[in-house]
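The structure appears right after this line, and notes come after that.
The values are calculated or read from the model by the stated rules, or taken from the named source; none is laboratory data. Worth saying up front: this structure is predicted, and the values here are computed from it rather than measured. Cβ: placed from backbone, ideal geometry, glycine included. Neighbour counts: every protein chain shown.
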Amino acid sequence: MTVTQPQPANGAAVLALPGRLEAYSRAPIYARVPGYLKSWKVDIGASVQAGQLLAEIEAPDLDQQLSQALADLLTARANAALAGTTAKRWQDLVKSDAVSLQDVDMKNGDLAAKTAIVKATKANVDRLEVMEGFKRITAPFSGIVTARATDVGALINAGSGKGLELFVISDTHKLRLYVSVPQNYAAQITAGTRAQMTVPERPGRTFTATVETTSQSVDPSSGSTLVELAVDNASGELVPGAFANVRFDLPLTSASLSVPASALIFDSRGARVATLGADNRVVLEPVTIARDLGTVIEISSGLAATDRVIDSPPDGIGKGDQVRIAPGSTGGLLAAASSPAPAGAKADESK
């Protein structure tokens, strides 16, 4: 066996995780009015500006509704004008007692009702004129057309319930990067923390991302916290939906110690290491693993820098086993172990 001492861990923890890129703003575009697609003006990959025309819808039913509403408005205005003239005449007649005050009140009430009908009819016309404007599908913001799911002549349903999205506009000048961070690192990653990111399609290129926010919760199914970072993409090199490799350089929160991975013992009691006590007997210490670096394990608690750790302990090693240090060994100390001898028996020195 070899006996070694724990070494101080590096001053920074490198946390490498997968992530996914998403557009900073993404808007599926639905129709507000039913009809048939008259024409589309842009295809996938096209760069559009806010308010730019994307497509036009032909809606004959809506056109007829507007025509009817305009006719109703003319009728209502004519009726209101007649009611106003009649009310004025009856007000003149009441002065000569030709009509009763009750009749005058009725005519004034009829005028008020006809005037209200004009306002209601005008509101309906205004509503339909706004709906007419929805026959023109425009971009809500500047970005890239990342999807088109319609064609000329297609039947268009209004809304997002029954209707299918016609286009998807994505703002890609900046991207959101989502990373699931293990629970034990989540507290170290806060708003403003920087990370380095690479993508497979850009070998040799490294991008900088900055943490904007975290979910402030742990997903019980994965034991991780969702972290959102922002990545500048003014050059357009990155695309939404892409996989990314993300690296966080985090300071160690405590004085961690590193030991060879082969020194760890895993059993029903968890992770432990075998150390030598002052009398060269085995002590099994439970430890907490901070990071697994492959051949080296960083331990956050359970060990002291002065502990003597047995590397590659044999199967069956137990608490209290006697260890004989080989004479003249230095650095990685050589040792031999023997189980505690029964009372009155002499330990086998050859073990």
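Here are some notes:
- Long-range neighbours under 6 Å by Cβ, at least six apart or interchain, first residue on the phi < 0 side of the Ramachandran plot within region 18-30, second β-branched (V, I, T) and surrounded by 16 or more Cβ atoms within 10 Å (Cβ to Cβ): G19/V179; G19/V246; A23/T172; A27/I169; P28/V168
- Test result for T146, more than 38 Å from the chain's Cα centre (by Cα), of a type in the set (S, T, Y) and surrounded by 17 or more Cβ atoms within 10 Å (Cβ to Cβ): no
- Where A191 falls short, out of the listed (1) under 18 Å from Y24 (Cα atoms); (2) not in a loop (DSSP other than H, G, I, E, B): (2)
- Failed item, numbered, when A98 is tested on (1) within 30 Å of D63 (Cα to Cα); (2) exposed (fewer than 12 other Cβ atoms within 10 Å of the Cβ): (1)
- Residues located in region 150-174, provided they are touching a strand residue (DSSP E or B) at 6+ places or on another chain (Cβ under 8 Å) and either part of a helix (DSSP H, G or I) or more than 18 Å from P240 (Cα to Cα) (or both): T150, D151, V152, G153, A154, L155, I156, S160, G163, E165, L166
- Of all residues in region 318-334 being at pLDDT below 55 and within 16 Å of A274 (Cα to Cα), the one that is surrounded by the most Cβ atoms within 10 Å (Cβ to Cβ): L333
- Scanning region 42-62 for residues that are surrounded by 14 or more Cβ atoms within 10 Å (Cβ to Cβ) and not small (G, A, S) gives V42, V48, Q52, L53, L54, E56, I57, E58, L62.
Quick grid of which residues meet (1) outside the structural domain of P18 (by TED's automatic domain parsing); (2) of a type in the set (S, T, Y):
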site: S67; (1), (2): yes, yes
site: T86; (1), (2): yes, yes
site: K95; (1), (2): yes, no
site: D126; (1), (2): yes, no
site: G159; (1), (2): yes, no
site: Y178; (1), (2): no, yes
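- Matching residues, region 85-95, being surrounded by fewer than 17 Cβ atoms within 10 Å (Cβ to Cβ) and either in contact (Cβ under 8 Å) with a residue 24 or more places away in the chain or basic (K, R) (or both): T86, K88, R89, K95
- Residues located in region 306-317, provided they are surrounded by fewer than 16 Cβ atoms within 10 Å (Cβ to Cβ) and at pLDDT 85 or above: T306, S312, P314
- If you go through region 199-244 and keep only what is in a strand (DSSP E or B), in contact (Cβ under 8 Å) with a residue 40 or more places away in the chain and surrounded by 15 or more Cβ atoms within 10 Å (Cβ to Cβ), you end up with S224, T225, L226, V227, E228, L229, A230, V231, A244.
- Counting only residues that are closer than 13 Å to P313 by Cβ and within 44 Å of the chain's Cα centre (by Cα), region 275-294 holds 2 of them.
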